[in-house]
1. Working only within the range 155-173, note down all residues that are in a helix (DSSP H, G or I), of a type in the set (D, E, K, R) and out of contact with any strand residue (DSSP E or B) (no Cβ under 8 Å at 6 or more places or on another chain).
2. If I go through the range 24-35 residue by residue, how many of them are open to solvent by 40 Å² or more (accessible area, probe 1.4 Å) and either farther than 19 Å from Cys141 by Cβ or under 18 Å from the mean Cα position of the chain (by Cα) (or both)?
3. Taking the range 82-136 on its own, how many of its residues are open to solvent by 20 Å² or more (accessible area, probe 1.4 Å) and in contact with a Lys or Arg (Cβ under 7 Å, 6 or more places away or on another chain)?
4. Quick check on this structure: which one of Ala215, Ala139, Ala157 is open to solvent by 50 Å² or more (accessible area, probe 1.4 Å) and among the small types (Gly, Ala, Ser)?
5. Mind listing whichever residues of the range 1-47 are over 18 Å from Gly145 (Cβ atoms) and modelled with pLDDT under 90?
Amino acid sequence: FIPFKCPNCGWALPLTRFDIIHLCATCQQAWMERGGRFKAVRFEAAAPPKGGDQALVYLPFWVFQAEIHSNGQALKTVADLREFSLFFSTRAAQSEDQRPIRFYVPAVSIRNIAALNKLAVGVTQNQPVFDPMPKERLAECKLRGVFLPPKAATGMADILLCAMTPRNNGNRQRVLQHADMTIGKMHLLWWPFYEQRLFLRDAICHAGIQKGAVAMDN
């Protein structure tokens, strides 16, 4: 047993069933139990686009860098991923395309693995650029809890890569068959969504998921 208090400021942590990340409302530090003690978790929240007036809910994602190597070919940058996946193939090159590849895996409790994967693809294929929200504003936001452990998120990397590989392109499929993925830096990200009828719609990339697929007790 360990005291359910913030190791940084001593304030009581919020207790929510099934949450594995505990965010201190006083000092805005995030904690996860490991080996019988709390360890700090690096996190950020994305600021929504300016000018929007919708009520927002923030879903958590595990975000990690990834490099893919296969038969002498390497996918390291956003440009590499876009060319491999054939996303936005007619778009002009941009300076942001030289950023490292990041995978975005939803960490909220989602009942349907296909819906989870579709949302992960919707955000990952965009490789979004966003402004971080000041942590002092988190108390004003509706944050959903973190259900998926980080190790399980990295375990989904191969599935996510497969989902972004063109099915009818034999060359891309051969790359996938022999792919070796290296997982790098990882952190937690709260991402803004707004309600749109039966869906939660990503306020930045416009990916969506049915509200009924997201567990309401997390």
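1. Arg172, the sole residue that qualifies.
2. 3
3. Going through the range 82-136 one residue at a time, the tally reaches 2.
4. Working: Ala215 fails: open to solvent by 50 Å² or more (accessible area, probe 1.4 Å); Ala157 fails: open to solvent by 50 Å² or more (accessible area, probe 1.4 Å).
Criteria check complete, one pass: Ala139.
5. Phe1, Ile2, Pro3, Gly35, Gly36
The values are calculated or read from the model by the stated rules, or taken from the named source; none is laboratory data. Keep in mind it's a predicted model, so treat the numbers as computed, not measured. Every residue, glycine as well, gets a Cβ built from its backbone with ideal geometry; the counts of neighbours run over all protein chains shown. Each accessible area value is taken on the protein alone, full model and side chains, heavy atoms only, with ligands, DNA and RNA left out. Shrake-Rupley method; radii C 1.70, N 1.55, O 1.52, S 1.80 Å.
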